[in-house]
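Scroll down for the structure; my scribbles are underneath it.
The values are calculated or read from the model by the stated rules, or taken from the named source; none is laboratory data. In this text the structure is predicted, and so the values were computed from the model without any measurement. Reconstructed Cβ throughout: ideal geometry from the backbone, glycine too, with neighbour counts over all protein chains shown.
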């Protein structure tokens, strides 16, 4: 919150957005922030499988 100048509402919204975008539990994202001071790295989107032809 301090690093980016966010109030509590905006900080929670950032955690929530990261959680939903990366399909991670909000609690796990928050715990990572507490332990490291950073958001977890985003996961790349899955690559669609190509049908065998």
Subset of segment 1-16 (residues that are on the phi > 0 side of the Ramachandran plot and either touching a strand residue (DSSP E or B) at 6+ places or on another chain (Cβ under 8 Å) or assigned to a helix (DSSP H, G or I) (or both)): none
Test: residue in segment 20-29 that is surrounded by 10 or more Cβ atoms within 10 Å (Cβ to Cβ), at pLDDT below 80 and out of contact with any strand residue (DSSP E or B) (no Cβ under 8 Å at 6 or more places or on another chain): no
Test: residue in segment 35-53 that is surrounded by 10 or more Cβ atoms within 10 Å (Cβ to Cβ), in contact (Cβ under 8 Å) with a residue 12 or more places away in the chain and not in a loop (DSSP other than H, G, I, E, B): no
Pick from segment 1-16, criterion more than 13 Å from residue 30 (Cβ to Cβ) and surrounded by 10 or more Cβ atoms within 10 Å (Cβ to Cβ), ranking: farthest from the chain's Cα centre (by Cα): 6
Residue that is farthest from the chain's Cα centre (by Cα) [pool: residues in segment 17-27 that are touching a residue at least 12 places away in the same chain (Cβ under 8 Å) and assigned to a helix (DSSP H, G or I)]: 21
